[in-house]
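K.L.:
Attaching a single structure in structure tokens format; questions to follow.
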Amino acid sequence: MSRQMGDSHRRFLQTMMANGIVDEQGAKTLYQRCCEIHNTQYAPDKLDEFIDILNSRLQPLFMQIRKGMSEENGQQYYALVNMAETDVTRMSSDYADNELELFQKTMDLIVSSENGKACSTDILNSADTLTTKKLKKSETEHLLQRLVHDKWLTEKRGEYTLSTRCIIEMEPYIRTMYQDQVKVCHICHNFAFQCQICENPACSIKIHNPCVARYFKGRSEPRCPACDDFWPHEIPEVRRPHSHSRK
Amino acid sequence: VSPDRARRRRETGGDEEAPRQNGSGSGRRRGDQPQTDGDGGDSAIGSNDLQDDDNDPGLRREIRSKYRDLINSVQQNREDMLSPSNNKLTEVLEQANKLFKDVRQAREAALDAQLLVVATDLGKEKASQLFSEGAAFDPTAFAEHLLSFMGLNRLEDGDDEQNGVDGYLPQDAWHRLARRADWCFRTAPSFHYMMGSFHAEPPPPKQRIERQRKAPSKEAKRIMPTQLRKMEESHQEATEKEVERILGYLRGYYGDEPTSPISYYEFVIDPNSFSRTVENIFHTSFLIRDGLARIYLDKAKLPCIEPVEEGEVEAGGPSSRKQCIISISPKMWRVSKFQLLTLQQHKTLL
Amino acid sequence: MAQRRRQSAPQNQSQAAAQEEDDDLTFTQPSTSQVQRGLEKVTNAQVDQKTAEVVQYVLVKDQKKIPIRRADLVKHVVKEYRNIYPEIIKRAVRTFDQVFGLSLVEIDTKNHIYILVNKLDKEEGASQFNNPTNPKIGLLFVILSVIFMKGGVVRENLIWNTLKKLRVDPGEKHEEFGDVKKVVTDEFVRQRYLEYARIPHTEPAEYEFRWGQRADMEVSKAKILEFMGQLHEQEPQSWSQQYREAHSSSAQTGTSSSQR
């Protein structure tokens, strides 16, 4: 069943352009709203087919709407991403060269960390090592604010993590640049930054916090799925999508 | 210029304005200048018996300054004067009339003319307002309404009005207005991304020598970056040398005892070194691949190896040959080593 | 490309603009028959690839609402496919229309300048997806409204004085907008929201404001009047001249596709 692109698809895409990323519930609501506005037939469980039609037209433009899980709450999100790397895409004017360099260094810090976090002090220090134009402390702080506002980083208590949008879009970049450093979650097979690690040094598998919650739910004695050692970390509660309205 | 004025000028006499000396701003010169019958002398300063006012430079300056003030006020407060709610324009014109009574010189008259141009222009616009259909639009009122919309908190005290600031705007004032105003716009949303917005060099591949890696083809060599290519070439040379060496050994052993089969494991296993054993397996595999040696199973179903005669090399090519994977672990090697040593001891014992 | 002596001094804006005009002069729009012949020499996939690159380029330039020059498109993107430029543009227009619901329009047919405009109406009412709007839109709205209500052209002093009443002083740095004069006379002008032209024979020089070509395409006069009515608690029709202009056929900014 190949449906054509309609204004409902276009409005959905325009909203994705303006927001960058949307949670699953939000995507469903948006899909419904777009169909209502343009008097299009709406079937509640056909969101993915709806997006597939968009993606088939976006593919030749090296754009896609990709799905990914949040390391914070385990929910699914939809992000509109760019997939090309060309002279043209490098003309993007949101951030200056030195700002992008600082962002890369922040990524380095986060990826090489144990807990998938980089503290602002370390980021400010790396601002001194920029090979492009230096950034002042106030400029770095302002830049970090913008990166959070634009949903590339998440900030909590002075520590910065890769946002869900960042992980979804930068996945190929992360794979190439950090191939020896990153590991995937043993349960969902996506990159794991904020996660728990098996304490067995011969094992060391990583599992996302929400994946831990789901996998070990209801088990009296949590054991590592790979090496069967006792899983020593606190098992978080499974989070329901509607309990928190914030993205 | 009224006839009156013209007459006054002629009587003043003198042609040019004498250059002022040392800021003799005040006062006039008496009896210094020759009296001439002139016409048109503009701002002549000469001794005469006319009213002091006409020639008082200070007064002249004052009049010109007042004119300039009037012109400025009209220009700066244009829309204020345009407002139908006041008579400011009329007041300006009345002031101009008063000033004009004291105009004596052409310079002042020129300013007067300029003021009239500006005022007439304004008057024209004001008149057009009267005849334009529909409600008037007053930017001042507009601004007031906007301030209310943006959430201006007007203060109760009248005292604060003295500062000219009545009330304060909330921080999101302009955001509020922007959100509402946005509905009047049909802006396209813009596309933002991080991937592909900058170039980053991927890290150089680790210098691990991968045992299972095939020698790269000629095409692969061409597009490889120079650094990598050099590493590949030296590695390749080393491999080729080793393969040659092993072939030499194999031919040697076979030549010594052509009828005695060479056990594959005996051939590749080095009892003293696991890594050397692995290397031997690796290099031997090249011989098999290239059809220079052959592996077959003996009566005991154990693998044996023998060199292929030159000329015997199958015309079928590499695809016709069967391949298999041989693996060995340190554990296996230890076991085999033990077995080999036992076998050797056994042989010597025999 | 003809040899041209490069100026050693750093180019100022007018010189840079002149240079780009020269680049454009070397590009003449190929004729239909030339395009036909050109298309025979390339595969459909190649043309689609170039179209995709043009779409990417336009999207990038639109991030800051900078109008796109034909000269830049040819130089940076189309390059050796310039002989089939009209076909590529045609396909890009179609892509923007069909995939994004956007219009790629030539707002300046003399200098060949394009912008992206929305074909879909914004959803009225607050929505969880209405990303926080840029406050500059508020500032722009005030200026455009005054110009429109005053018949289409105003002297700059009227704008400055109105803004001052809103606590926005072009002479001072504003908390939200920074260098207001620069935003209004430079940024908005470059984006083609406003035109800022010198009034001849004025000394000292005085300037006047008009709507820019982007405003003509993007901004609905009818919707401005509607908001005016709400603010002044008057019927929009009470401003009869403006009402007539807002609802004339020339004021329509494209077909509306939103439904309630």
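The values are calculated or read from the model by the stated rules, or taken from the named source; none is laboratory data. The structure presented is a predicted model; accordingly, all values stated were derived computationally and were not measured. Cβ: placed from backbone, ideal geometry, glycine included. Neighbour counts: every protein chain shown. Accessible surface is based on the protein model in full, side chains and every heavy atom, while ligands, DNA and RNA are left aside. Shrake-Rupley method; radii C 1.70, N 1.55, O 1.52, S 1.80 Å.
K.L.:
Do we find a residue being modelled with pLDDT of 85 or more, in contact with a Lys or Arg (Cβ under 9 Å, 6 or more places away or on another chain), open to solvent by less than 70 Å² (accessible area, probe 1.4 Å) and under 23 Å from B:Thr239 (Cα atoms) anywhere in region B:307-321? Spell out how you get there, then give the answer.
P.N.:
First pass over region B:307-321, keeping only residues modelled with pLDDT of 85 or more: B:307.
From the residues that got through so far, the ones that are in contact with a Lys or Arg (Cβ under 9 Å, 6 or more places away or on another chain) too are B:307.
Next, from what is left, pick out any that are open to solvent by less than 70 Å² (accessible area, probe 1.4 Å): B:307.
With the extra rule that they be under 23 Å from B:Thr239 (Cα atoms), the set shrinks to B:307.
Taking every residue of region B:307-321 in turn, at least one turns out to be modelled with pLDDT of 85 or more, in contact with a Lys or Arg (Cβ under 9 Å, 6 or more places away or on another chain), open to solvent by less than 70 Å² (accessible area, probe 1.4 Å) and under 23 Å from B:Thr239 (Cα atoms).
K.L.:
Now for a separate question. List pairs: first residue in region B:132-154 and within 7 Å of chain C (Cβ to nearest Cβ), second residue of a type in the set (Phe, Trp, Tyr) and surrounded by 15 or more Cβ atoms within 10 Å (Cβ to Cβ) anywhere in the structure, Cβ distance under 7 angstrom, at least six positions apart or on different chains.
P.N.:
Every condition considered, the pairs that remain are B:Gly134/C:Trp239; B:Ala135/C:Trp239; B:Phe137/C:Trp239.
K.L.:
Within region B:41-83, which residues are hydrophobic (A, V, I, L, M, F, W, C), at pLDDT 80 or above and farther than 26 Å from C:Pro204 by Cβ?
P.N.:
Listed by number, the list holds a single entry, B:Leu59.
K.L.:
Within region B:238-266, can you find the residues that are touching a residue at least 12 places away in the same chain (Cβ under 8 Å) and open to solvent by less than 60 Å² (accessible area, probe 1.4 Å)?
P.N.:
Of everything in region B:238-266, those that are touching a residue at least 12 places away in the same chain (Cβ under 8 Å) and open to solvent by less than 60 Å² (accessible area, probe 1.4 Å) turn out to be B:Thr239, B:Glu242, B:Val243, B:Ile246, B:Leu247, B:Leu250, B:Tyr254, B:Ile262, B:Ser263, B:Tyr264.
K.L.:
Within region A:153-174, can you find the residues that are over 10 Å from the mean Cα position of the chain (by Cα), within 10 Å of chain B (Cβ to nearest Cβ) and free of Cβ contacts under 8 Å to residues at least 60 places away in the same chain?
P.N.:
Result: A:Tyr173, single match.
K.L.:
Would you confirm whether any residue within region C:136-143 is open to solvent by 20 Å² or more (accessible area, probe 1.4 Å) and touching a residue at least 40 places away in the same chain (Cβ under 8 Å)? Reasoning before the result, please.
P.N.:
Just the residues of region C:136-143 that are open to solvent by 20 Å² or more (accessible area, probe 1.4 Å), to begin with: C:136-137.
Within this subset, residues satisfying the condition of being touching a residue at least 40 places away in the same chain (Cβ under 8 Å) are C:136.
Scanning region C:136-143, I find at least one residue that is open to solvent by 20 Å² or more (accessible area, probe 1.4 Å) and touching a residue at least 40 places away in the same chain (Cβ under 8 Å), so the answer is yes.
K.L.:
Additional query: Which residue, of A:Glu49, A:Glu114, A:Glu99, is surrounded by fewer than 18 Cβ atoms within 10 Å (Cβ to Cβ), of a type in the set (Asp, Glu) and part of a helix (DSSP H, G or I)?
P.N.:
Just one listed residue meets the conditions, A:Glu49.
K.L.:
Taking the condition surrounded by fewer than 19 Cβ atoms within 10 Å (Cβ to Cβ), over 19 Å from B:Ala143 (Cβ atoms) and modelled with pLDDT of 80 or more, does B:Glu219 pass? It would help to see each step written out before you state the result.
P.N.:
On the way: surrounded by fewer than 19 Cβ atoms within 10 Å (Cβ to Cβ): yes; over 19 Å from B:Ala143 (Cβ atoms): yes; modelled with pLDDT of 80 or more: no.
In short, no.
K.L.:
Sticking with this one: If C:Gly125 satisfies all but one of (1) assigned to a loop (DSSP other than H, G, I, E, B); (2) open to solvent by 30 Å² or more (accessible area, probe 1.4 Å); (3) not aliphatic (A, V, I, L, M), what's the number of the condition it fails?
P.N.:
(2)
K.L.:
Here are some conditions: (1) in contact with a Pro (Cβ under 6 Å, 6 or more places away or on another chain); (2) at pLDDT 95 or above; (3) open to solvent by 40 Å² or more (accessible area, probe 1.4 Å). C:Glu176 meets all but one. Which one does it not meet?
P.N.:
(2)
K.L.:
Only one of these is open to solvent by less than 80 Å² (accessible area, probe 1.4 Å), within 14 Å of B:Tyr193 (Cα to Cα) and of a type in the set (Val, Ile, Thr): A:Ile168, A:Ile174, A:Ile123. Name it. Give the steps one after another, and end with the answer.
P.N.:
Working: A:Ile174 fails: within 14 Å of B:Tyr193 (Cα to Cα); A:Ile123 fails: within 14 Å of B:Tyr193 (Cα to Cα).
None of the other options fit; the residue is A:Ile168.
K.L.:
For region A:152-247, give me every one of the strands (runs of 3 or more DSSP E) that falls completely inside it and has 2 or more residues that are assigned by the TED database to the domain that holds A:Lys117 and out of contact with any Leu (no Cβ under 6 Å at 6 or more places or on another chain). Spell out how you get there, then give the answer.
P.N.:
Values: elements: A:153-156, A:159-162, A:195-197, A:206-208.
The strands (runs of 3 or more DSSP E) meeting that bar are A:153-156, A:159-162.
K.L.:
A further question on this structure: Name the helices (runs of 4 or more DSSP H) wholly inside region C:1-100 in which the number of residues that are over 24 Å from C:Gln191 (Cα atoms), modelled with pLDDT of 85 or more and away from chain B (no Cβ under 14 Å) is 2 or more.
P.N.:
Details: elements: C:13-26, C:32-40, C:44-62, C:85-95.
Ranges flagged: C:32-40, C:44-62, C:85-95.
K.L.:
Any residue at all in region C:206-213 that's facing chain B (nearest Cβ under 9 Å), surrounded by 14 or more Cβ atoms within 10 Å (Cβ to Cβ), farther than 22 Å from B:Ala135 by Cβ and touching an Asp or Glu at 6+ places or on another chain (Cβ under 7 Å)? Spell out how you get there, then give the answer.
P.N.:
From region C:206-213, those facing chain B (nearest Cβ under 9 Å) are C:206; that's our starting set.
Next cut, surrounded by 14 or more Cβ atoms within 10 Å (Cβ to Cβ) only: C:206.
With the extra rule that they be farther than 22 Å from B:Ala135 by Cβ, the set shrinks to C:206.
Adding the requirement that they be touching an Asp or Glu at 6+ places or on another chain (Cβ under 7 Å) leaves C:206.
Among the residues of region C:206-213, at least one is facing chain B (nearest Cβ under 9 Å), surrounded by 14 or more Cβ atoms within 10 Å (Cβ to Cβ), farther than 22 Å from B:Ala135 by Cβ and touching an Asp or Glu at 6+ places or on another chain (Cβ under 7 Å), which makes the answer yes.
K.L.:
Can you confirm whether region C:74-97 contains a residue that is within 30 Å of A:Lys28 (Cβ to Cβ), assigned by TED's automatic domain parsing to the domain that holds C:Thr43 and buried (at least 20 other Cβ atoms within 10 Å of the Cβ)?
P.N.:
Checked against the condition, which is being within 30 Å of A:Lys28 (Cβ to Cβ), assigned by TED's automatic domain parsing to the domain that holds C:Thr43 and buried (at least 20 other Cβ atoms within 10 Å of the Cβ), region C:74-97 yields at least one hit.
K.L.:
What tally of residues in region A:140-151 results from selecting those that are open to solvent by 30 Å² or more (accessible area, probe 1.4 Å) and in a helix (DSSP H, G or I)? Before the answer, list the steps.
P.N.:
First, pick out the residues of region A:140-151 that are open to solvent by 30 Å² or more (accessible area, probe 1.4 Å): A:141-142, A:145-146, A:148-151.
Filter once more, keeping what is in a helix (DSSP H, G or I): A:141-142, A:145-146, A:148-149.
Final tally of qualifying residues: 6.
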